[in-house]
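First comes the structure, then the notes that go with it.
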Amino acid sequence: MPVLNMQCDLFHPHQILADLMTMKEKLGDLRGKTIDISWAYAASYQKPISVPLDLMLATPRFGMNVQ
């Protein structure tokens with residue numbers, strides 16, 4: 001039985017796949033492109049680091065530069 005991680009304290013894999021698909025659709029080939037990732041803590045949100053952390057981990061796999 002497959003187990004899908006919809007979101008946990010550190011990861012939000014389905015959101016990042018959707019983000020990468022959108023970037024590829026809008027920008028074309030992602031290799032060599034640069035992404036700037038900014039994160040601001042929000043006390044009202046319990047898991048604020050999952051999306052930026054996954055972006056930092058996933059975008060280099062598609063050849064993007066992370067700043």
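Structure notes:
- Computed with a 1.4 Å probe on the full set of protein chains, the accessible area for V51 sits at about 50 Å².
- Between 0 and 90 degrees, the angle of helix 13-27 with respect to the longest Cα principal axis of the chain falls at about 30 degrees.
- Residue-normalised accessible area of the chain, expressed per residue, 1.4 Å probe, Å²: 76
- Share of carbon and sulfur in the accessible heavy-atom surface of the chain [1.4 Å probe, %]: 61
- Dipole size of the chain about its Cα centre, with +1 on Lys/Arg Cβ and -1 on Asp/Glu Cβ: approximately 120 debye, rounded to the nearest 20.
The values are calculated or read from the model by the stated rules, or taken from the named source; none is laboratory data. What you see is a predicted model, and the numbers here were worked out from it, not measured in a lab. Using ideal geometry, Cβ is built from the backbone for each residue, glycine included, and neighbour counts are taken over all protein chains shown. Accessible surface areas use protein heavy atoms only, side chains included; no ligands, DNA or RNA. Shrake-Rupley method; radii C 1.70, N 1.55, O 1.52, S 1.80 Å.
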